[in-house]
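See below for the structure under consideration.
The values are calculated or read from the model by the stated rules, or taken from the named source; none is laboratory data. Nothing here was measured: the structure is a model prediction, and the numbers come from that model. Note that we place each Cβ from the backbone using ideal geometry, even for glycine, and neighbour counts take in every protein chain shown.
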Amino acid sequence: MTQENVNILILGSGPAGYTAAIYAARAGMNPVLYHGAQPGGQLTITNDVENYPGYPDGVRGPEMMIDFQKQAERFGTDVRIGMATSVDFNTYPRKVVIDESHVVSANAVIIATGASAKWLGLPSEQRLNGRGVSACAVCDGFFFRNQEVAVVGGGDTACEEASYLSKLCKKVYMIVRKNEFRASLIMQKRVLNSANIEVLWNSETLEILGEDEVEGVKLHNNETKTTSTLAIQGFFVAIGHQPNTGIFKDFLNLDDSGYIQTVPGTTLTNTEGVFAAGDAQDNVYRQAVTAAGTGCMAALDAEKFIAEKELAVVS
């Protein structure tokens, strides 16, 4: 394997990773950033972003991430293609293996590997992703004002998404696989007391209908063994997210869902010199702007760590 030493290594290229890179680069920390499996993160599969400050007319997700990358590179960030395949945080400097062939030793590591939405696995879901299919009501609900939409899922996330959409949409259908919710009692009550939310119990999605945009959904009722078609304009998948943190489980404290646990109010992990930002450690907000905020925090925390340890900045 080839080897090299760097000062700050950033894993992930979404809003958290690029913001960390911008702050670290401007501070003369010579950051190296690896794109990861999905360059630009989840925003690269988001058509229109209208809730990020600084874009008064909105922006396409991929274009936004190109802007982030250009800004990071402008200040000297070394942006590379590659994916972290294993780590060794038992020794210092911390070691990360890229693409199973290149070892990077770093004074500080910022983990911004994000989280991936869980999907149903339907071909039509993938084909219409970004054209009526979404995994984020807060991000995309605005586009379905006064329209009819469906939310699939029976947990707290699904109930939260449905409640949010009920304030924007004419009608919200909740597609629940069983005859009961998995959500907390308070979230169940909120949904059941909403006049424009209708729960479709014992139902599973067979296919999302539409050629260029969502026009409906084909459902199967597990109780009556019948199929039906529902006319909708938006389809929201709310069956959870999976943080991209598997390779860190032997070294970092993770919660029951796999999110990295950080010291409250900071991006510090339980391992000295390793910091976490963005959706890899945030199972609550999961927004681009909050991810960017923690990316800033991670860069400042890493810079402070290097200064206090009086480590030589690797160029």
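Tell me which residues, restricted to the range 216-244, are assigned to a loop (DSSP other than H, G, I, E, B) and over 30 Å from ASN283 (Cβ atoms).
The first filter runs over the range 216-244 and keeps only residues assigned to a loop (DSSP other than H, G, I, E, B), leaving 222-225, 232-233, 238-240, 244.
Across the range 216-244, the qualifying residues are GLU223, THR224, LYS225.
THR91 is checked against (1) modelled with pLDDT of 95 or more; (2) farther than 30 Å from GLU204 by Cα; (3) surrounded by fewer than 17 Cβ atoms within 10 Å (Cβ to Cβ) and fails just one. What number does that condition carry?
(1)
Filter the range 126-135 for residues that are on the phi < 0 side of the Ramachandran plot and surrounded by fewer than 19 Cβ atoms within 10 Å (Cβ to Cβ) and give the result. Spell out how you get there, then give the answer.
Pass one, the range 126-135, residues on the phi < 0 side of the Ramachandran plot: 126-129, 131, 133-135.
Result: GLN126, ARG127, ARG131.
So is VAL263 crowded, with 21+ Cβ neighbours inside 10 Å, more than 22 Å from ALA137 (Cβ to Cβ), aliphatic (A, V, I, L, M) and not assigned by TED's automatic domain parsing to the domain that holds CYS159 or not?
no
Looking at (1) loosely packed, with under 14 Cβ neighbours inside 10 Å; (2) at pLDDT 95 or above, find the lone condition where LEU230 falls short.
(1)
Counting just the residues of the range 136-168 that are closer than 21 Å to GLY58 by Cα and crowded, with 24+ Cβ neighbours inside 10 Å, which one comes out modelled with the lowest pLDDT?
ALA137
Among (1) assigned to a loop (DSSP other than H, G, I, E, B); (2) in contact with a Lys or Arg (Cβ under 9 Å, 6 or more places away or on another chain); (3) not polar (S, T, N, Q), there is one condition VAL109 misses while meeting the rest; what is its number?
(1)
Considering each residue of the range 218-253, count those that are under 30 Å from LYS95 (Cα atoms) and among the acidic types (Asp, Glu), and give that number.
Quick first cut of the range 218-253, residues under 30 Å from LYS95 (Cα atoms) only: 241-253.
From the residues that got through so far, the ones that are among the acidic types (Asp, Glu) too are 250.
The qualifying residues number 1.
Let me spell it out: the conditions are (1) at pLDDT 95 or above; (2) touching a helix residue (DSSP H, G or I) at 6+ places or on another chain (Cβ under 9 Å); (3) among the small types (Gly, Ala, Ser), and SER101 meets all of them except one. Which number is the exception?
Result: SER101 passes all but (2).
In the list GLN38, GLN42, which residue meets the criterion of being of a type in the set (S, T, N, Q), touching a residue at least 60 places away in the same chain (Cβ under 8 Å) and assigned to a helix (DSSP H, G or I)? Show your work before the answer.
Details: GLN38 fails: assigned to a helix (DSSP H, G or I).
After applying the criteria, what remains is GLN42.
How many residues are part of a loop (DSSP other than H, G, I, E, B), modelled with pLDDT of 95 or more, hydroxyl-bearing (Ser, Thr, Tyr) and surrounded by fewer than 21 Cβ atoms within 10 Å (Cβ to Cβ) if we restrict to the range 266-292?
So the answer is 2.
For the range 53-61, does any single residue satisfy the condition of being assigned to a strand (DSSP E or B) and aliphatic (A, V, I, L, M)? So that I can check it myself, show each step before the final result.
First, the residues of the range 53-61 that are assigned to a strand (DSSP E or B): 59-60.
Okay, now just the ones that are also aliphatic (A, V, I, L, M), so 59.
Yes, there is a match, as at least one residue in the range 53-61 is assigned to a strand (DSSP E or B) and aliphatic (A, V, I, L, M).
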